[in-house]
Each structure stands twice: as C-alpha cells, then as structure tokens.
Amino acid sequence: MDLADSPEDAEFRARLREWLGKVLPTLPPKPSPDDWPGRRAYDLGWQRTLYDAGYADVHWQASPGVRLIFLEETEKAGAPYVGAGFVGLLHAGPTIAAEGTAEQRARWLPPILRGEEVWCQGFSEPDAGSDLAALRTRAWRDGDDYVVSGSKIWTSHAEVADWCELLVRTDPAAPKHQGITWLAMPMDAPGITVRPLRTLAGSAEFAEVFLDEVRVPVTHRVGEENDGWRVTMVTLSFERGTAFVGEVVACRRVLGELAVEARRNGRWDDPVLRRRLGALNAEFRALWRLTQWNVSEAEAKGGLPGVGGSVFKLRYSQARQELYDTAADVLGDESLDTDRPWVHDRLSSLSYTIAAGTSQIQRNIVAERILGLPKGR
C-alpha cells in the first residue's frame, strides 16, 4: 500500500500550507474557554474563513486522503480547531451527506459549511451510554410530526446549538437495534430544556437535554423510520475514523515538547522516563500509519471509514492517557498546577476511553467484526 502523497495531494498540501501561513497571523485572539457565545462566534468565523478560501467542504466532499492532509496541516500550523462546529462538520454533516435526501442536503449542509449553524449530538442517555441501543427517548407519529419525550446526557455543545442529531425510539416493541430513528431536531423548538454539565477540567461543553413533547417534522428524519441504528453506524464510523486525526498530530507535537522540558528540568536523566518517551514516540508513529491505512481503505471503499476506526480509537485512547501521565511525571510537583501546560489535557484524557464509544465496546467491535469471534451471551 502506497502511503505517500500523490502529485495532486502534494500540490494540495503545498497550497494549504501557503494559505495557512498568510491567514493565521490575521486571526483575532481566542475567547475565554468559559465564554461559549464567544467561542461559537470565533469557531464559526474560522469556518467562514475556510469557506471563503474553498476549504470548507474537506470533511465530507473531499477524498479521505485530502481530508487527512487538511487535518494534519491545520494542526501542525496551529490553526483553530473546529470547536463548536465539531458535531456538524465531523458527525451530522457527513451523515447527512451520505444518508440524507437531496432536500435535506440542500437545507442543512450549506449552513454548516458557511459557519452559520451549530449542531449538537443527542445520543447518550442516563441509562444508555455504552449500550447505546438501549435508549428510551420516545417518539411517536402525530400527523406530519414526531412527538418526542425523554432526556439525553453528554450532549456536546447543546447550549449554543441550532440543531441536534437525535436518536429516538419509534417502535418500543421491536428488538432494541431495530426500533430506532435518526432525527434532526431544531434546538429552539418548544419543550426543550438544556442544563450544562461541568467537567473535571472545569469546562462545560456537555449538557443534559430534557425533551417534553417536542414536535419534530417527519421531513427531518434521516433514513427510514426504525432504520436509525444503521444510520448511526455511519455517524460513528466518521467519529472513530478521522475525527481524531488532528489530535494524533497534536500528541506527537506534545511528545517533542515533553522531551525538551525533561532536558530543561533534569528529568531527562531518568532512564525509565526516556524509555517511556521513546515507547510513546513509536506508539504515535504507529497510530499515524494506522490512520493513513484506514484512510487508504476508505478511499478504496467509496469514502466511508470502516471498522478499522475502532482499532485506532481503542489504542489511541489508551496512548493519549499514557502520554499525559508521562507529562505529569515530567512536570513533577508542578503537575498539580492547573496553570501549567498539559495539566488540563491530562484531566480531559481520562474521558477518552469512554467518549465516542467506550474501550469495552471497541473491543467487542474488533472481536466480532474484524476477528470474527462469536458474540457473547
């Protein structure tokens, strides 16, 4: 398998680098992490800048290879992250592009690309996290609408979202994987209550969402009624396939910074620490190659990420935690100072073996869908 850039990809990479070098120095300062309206405006402003320059559609219109180059180069250059646009650009948008009708694609995709609308993800529930198919938020037909009641938790960016990719149960009598439907719910609909959740790191990018007979038009259903689990697998393939690419690049950069800091503060003299840094360097190099392999496989299969994303997600989650545990060893007593670099990252890394599908779920996927092992009883 050839993992080198094609001539076309090399030209795209060079053109993108040149553009980033010109535009990044002109950006305004980032708002405070707690200023969510300000962060929304900043993130959407960056997306509009990408749109005006012709780079906005890389997340689902470009080939997986071009998408990989874009994520790699923007992270290396220190460009803004997608931020509040995460769900729209990396989850809902690609899903609608793959599964939506022509009318749905025309309605929802352009505002995402232009940086005009934010989406949140309404999947997990208090009793349906790892076992997502056990969700109980109910939706029943009433004329041209679904009427939705229930609650969601860990809903990303709900407090500033315009739309929610929402999983509901439309047939409670069906087997749990067969009675689910994927809806696009407007967040300004009557009956929606959002309650922000504060994380261990002090941020509030998640929320609880309570739904009390919220009416969602049937035309906002993506896919067929009761076929939502299949559509959800498309969403999750994007979430686990390329959504973490930029973070792998960032982790490789952090690893180099840790080596510099260890030399500065004398901890480099510890041979055990040096071996850990060397092992992590090999780990992240391997993860990058796995990412390239997954992207090449996706290109060969029409653009959709495959189950190889679960292999990546499983190992990346653990490697990220190991990286920031090592950062704590490099910092020593200063690892308790939240003003120091990497301290907040260490706290947030604890969630990675849970978010986007727990490591236990990823092991099941690898065992059943890749290794062909029988399902547990």
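The values are calculated or read from the model by the stated rules, or taken from the named source; none is laboratory data. Quick caveat, the model's predicted, so the values are computed rather than measured. For neighbour counting, all protein chains shown are included, and Cβ atoms are generated from backbone atoms with ideal geometry for every residue, glycine included. Just so you know, the surface numbers come from the protein's heavy atoms only, side chains and all, with ligands and any DNA or RNA stripped out. Shrake-Rupley method; radii C 1.70, N 1.55, O 1.52, S 1.80 Å.
Before moving on, here are some points about what is shown:
- Residue list for the stretch 167-193, restricted to those being assigned to a strand (DSSP E or B) and in contact with a Cys (Cβ under 9 Å, 6 or more places away or on another chain): LEU183, ALA184, MET185, PRO186, ILE192
- PHE210 being buried (at least 21 other Cβ atoms within 10 Å of the Cβ), of a type in the set (Phe, Trp, Tyr) and closer than 25 Å to PHE86 by Cβ: no
- Criterion violated by TYR81 - all others in (1) assigned to a helix (DSSP H, G or I); (2) open to solvent by 20 Å² or more (accessible area, probe 1.4 Å) satisfied: (1)
- Applying the criterion of being under 19 Å from LEU135 (Cα atoms) and without any contact (Cβ under 8 Å) to a residue 24 or more places away in the chain to the residues of the stretch 173-196, the residue that is least open to solvent (accessible area, probe 1.4 Å) is ILE192.
- Extreme residue, nearest to ILE365 (Cα to Cα), among residues of the stretch 127-158 that are at pLDDT below 90 and among the acidic types (Asp, Glu): ASP131
- Some residue of the stretch 132-142 being touching a Gly at 6+ places or on another chain (Cβ under 8 Å), farther than 27 Å from GLU159 by Cβ and either open to solvent by 10 Å² or more (accessible area, probe 1.4 Å) or free of Cβ contacts under 8 Å to residues at least 24 places away in the same chain (or both): no
- Options ALA133, ALA106, ALA97, ALA102; residue that is assigned by the TED database to the domain that holds PRO37 and touching a Lys or Arg at 6+ places or on another chain (Cβ under 7 Å): ALA97
- Of all residues in the stretch 13-55, those that are within 23 Å of GLU159 (Cα to Cα) and of a type in the set (A, V, I, L, M, F, W, C) total 4.
- VAL234 satisfies every condition listed in (1) within 22 Å of ALA133 (Cβ to Cβ); (2) open to solvent by 10 Å² or more (accessible area, probe 1.4 Å); (3) touching a Lys or Arg at 6+ places or on another chain (Cβ under 9 Å) except (3).
- Filtered residues of the stretch 46-63 (kept if outside any helix (DSSP H, G or I) and of a type in the set (Phe, Trp, Tyr)): TYR55, TRP60
- Condition met for SER63 (within 30 Å of LEU287 (Cα to Cα) and surrounded by 15 or more Cβ atoms within 10 Å (Cβ to Cβ)): yes
- Every pair of residues 6+ apart whose Cβ atoms lie under 9 Å, when the first sits in the stretch 278-299 and is under 23 Å from ASP5 (Cβ atoms) while the second is of a type in the set (S, T, N, Q) and modelled with pLDDT of 75 or more: VAL295/SER63; ALA298/SER63; GLU299/SER63
- Test for PRO94: is it buried (at least 22 other Cβ atoms within 10 Å of the Cβ), touching a residue at least 60 places away in the same chain (Cβ under 8 Å) and assigned to a helix (DSSP H, G or I): yes
- Whichever residue in the stretch 267-324 is among the polar types (S, T, N, Q) and closer than 22 Å to VAL231 by Cβ and, among such residues, is modelled with the highest pLDDT: SER310
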